[in-house]
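Student: Sharing a structure, written as structure tokens. Questions coming.
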Amino acid sequence: MSAEPWSKRVLRRFLKRLLQPVLSRAYARIDIRLEGLARQLNETVGELSALRRDIDQTVTTVLNALSNQNASARLQTRALEAEHARLAEEIVRQIELVRKEIMLDARYGRAVDVREDVETNVLDR
Amino acid sequence: MTDPGPDLRIALYSGIFVHHDAVSNSLQSKVEILESLGARGARIDLTVFTHASDYRAPYIRGVPTVADLLRQEAFWSADVHIFEFGMSYELFDSVFVIPPDRPIMVVEHNTTPPELVDDPAVKLGCEAALVQRHNISRAYRVACASELNLDLDLSIGVEEDRLCVLHLPPAHRLTPVARKGFGDNNGPVHLLYLGRLVRAKGVGDLLKAVSSLWGCGDDRFVLTLAGNPRFSDEMVLRELHRCMERFAGLEKVQVVSSPSDEDIVDLFHSADVLVIPSYHEGYCVPVIEALSAGCYVIGSDAGNLPNVMGGLGRVVPTGDVPALTAAIADFVSRLRPSSDATLDTTSTVRVPTDYGELDYAAWLAVVAEHLEDYSDDAYERGFIRLLAELAAASPAGLSQRLGDLISERTAELTRA
């Protein structure tokens, strides 16, 4: 390998000296930009982490609320079903009373209030 | 040729998955059955999601929150989801985000009524479980560990056609082979209590009962209490220490803290009677284990105890200390009519059951019949039948291979 010519070495040194201040300023600017980017990145990561924590908390809260609502809705439905069944029974009972009243009315030709009699089973004897 | 993929992807869930815990054992039994189907050629992808575990296996994922669960690929890709439920746990709320075409099965273990719990944190968990139990409405199938649990789910409006009973198998391998009769060990009659040392288990009543008998000079029996002090009530532990101090030097009470599996097997084999005076039991595995070991049972009539005892032991009213005392005294008197009674009498000892007074051989025969429904085989048969139903209802469907393997295994278990 041949040695580098004297003229080339001098030219290289000259150019280096000439460009050094420009390069230093450029590097400094790049460093500043990089610092800014790193800071921005950290902030964004922090914001995203906080967002994720919020979302996690929300998921837990929402699912827990769903569970509670599901339970109360089911309990309410069951209470309504029970009330519905009770009302249906009551209606059947009332209809039966009216039917017996009509029967008695037809038999004796007069309106009779038999509610108490029916309830004490007088008519069934 | 492209990989056809697994026959089924299964996600299993439990609040905790630890040794010496009934709910965890239920999960472990399922894992073992699925692994044995895998060994036969089924391609099953299995993932266990839990808040905490002391088991170490690659398929176990510790997920602290339901949000973490939702970030798991195995959660979204699972074809079927199987939840163990007793105490409230956050992961169980994920039933509301599981895609509706993926069938869910819940294993109902029951919950201790909050009014019987003293520890404030546990009490809160029990209260939350009463609300969370309604999540079961999302389940395609509900496998109840006991008849009592089935009634519990019926009472909250779960449709009967989705419910079935799947008795848990014993956690330990026990046989009565070494026993010749009731009370065939030398020395005093051995009473055993196994479980958490908490008020709900009636430990205080048991201590009162034995103390009153020892206080009257009855020296024909001793008591061993085995349980994990970590899951015990301070108040009950204080009662226990008072009892031990009162009878110090007489070697009446022995406490086995956090017994190992081997210890538990030894305890059942050396005990004459298991005493379980609980105020609540959703299932009670120790009764199955006691009967499997040829050990008589005295229990209260709380919760599932009468069902699991099957009329083969002595049932006393819950919280009735005089009745419990009388039942213990009666059993001890049958085994040791006097304090110098020897081994020769054991073959003629008869014990009270719902089938009349039976000697040991007759009792064992009825016990064996009762335990058939509580065996490993019965559990496996029931679980793989449910698995086939779940697979068939999932988008993956029941593959020919898995279907054939389940049929083959069911036939083997039925023949056995």
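Student: Enter the angle in degrees (range 0 to 90, nearest 10) between the Cα long axis of helix B:400-415 and the first principal axis of the Cα atoms of chain B, meaning the one along which they spread out most.
Tutor: Around 20 degrees separate the two axes.
Student: Relative to the compact-globule scaling 2.2 N^0.38 Å, provide the ratio for the alpha-carbon radius of gyration of the stretch B:138-291.
Tutor: Against the empirical 2.2 N^0.38 Å value, I get 1.22 for the stretch B:138-291.
Student: A follow-up question, please. When only Cα pairs under 8 Å and 6 or more residues apart are kept, what is the percent relative contact order across chain B?
Tutor: Reported relative contact order: 16 percent.
Student: Ranked highest first by the average count of other Cβ atoms within 10 Å around their residues, in what order do A:69-82, B:311-324 fall?
Tutor: B:311-324, A:69-82
Student: For peptide B:85-91, how many partner chain Cβ atoms fall within 10 Å of a residue's Cβ, on average?
Tutor: Counting Cβ atoms of other protein chains within 10 Å of each residue's Cβ and averaging gives 1.
Student: Turning to a different aspect of this structure: Which lysines does B:Lys252 reach when only Cα atoms under 17 Å apart count, and residues fewer than 8 places away in its own chain are ignored?
Tutor: Leaving aside lysines fewer than 8 places away in the same chain, those within reach of B:Lys252 are B:Lys208.
Student: Here's a follow-up. Tell me the Kirkwood hydrodynamic radius of chain B in angstroms, computed as one over the mean inverse distance between distinct C-alpha pairs.
Tutor: That comes to 22.7 Å for chain B.
Student: On a 0 to 90° scale, report how tilted helix B:234-246 is relative to the longest principal axis of chain B, with both axes built from alpha carbons and the result rounded to the nearest 10.
Tutor: Helix B:234-246 sits roughly 20 degrees off the main axis of chain B.
Student: Give the angle, between 0 and 90 degrees and rounded to the nearest 10, that separates the Cα long axis of helix B:321-335 from the longest principal axis of the Cα atoms of chain B.
Tutor: On a 0 to 90 degree scale, this one is about 70.
Student: Right, another one. Around B:Arg141, what is the net charge, scoring Lys/Arg as +1 and Asp/Glu as -1 over all other residues with Cβ under 13 Å from its Cβ?
Tutor: Counting the neighbours of B:Arg141, the net charge comes to -2.
Student: Still on this structure: Report, ordered by chain and residue number, the lysines lying within cross-link reach of A:Lys8, taken as a straight Cα distance under 23 Å and ignoring same-chain residues fewer than 8 apart.
Tutor: Result set, ordered by chain and number: A:Lys16.
Student: Let me ask something additional. Count, for each residue of B:92-104, the Cβ atoms from other chains sitting within 10 Å of its Cβ, then give me the mean as a whole number.
Tutor: 2
Student: When you look at the Cβ of every residue in A:70-76, what mean number of other chain Cβ atoms sits within 10 Å?
Tutor: Other-chain Cβ atoms within 10 Å of each residue's Cβ, averaged: 5.
Student: Here's something else I'd like to know. Kirkwood Rh over Cα pairs of the protein assembly as shown into Stokes-Einstein at 10 °C, 1.306 mPa s: D in µm²/s?
Tutor: 56
Student: Among B:247-260, A:25-38, B:226-239, how do they line up by average Cβ neighbours within 10 Å per residue, starting with the highest?
Tutor: B:226-239, B:247-260, A:25-38
Student: How large are Rg and Dmax for the stretch A:9-119 when calculated on the C-alpha trace, in angstrom?
Tutor: That works out to 44.0, 140 Å for Rg and Dmax.
No lab work stands behind these numbers, since they all come straight from the coordinates. This one's a predicted model, so the numbers in the text were calculated from it and none came from an experiment. Here Cβ is always computed from backbone atoms with ideal geometry, including for glycine, and neighbour counts include all displayed protein chains.
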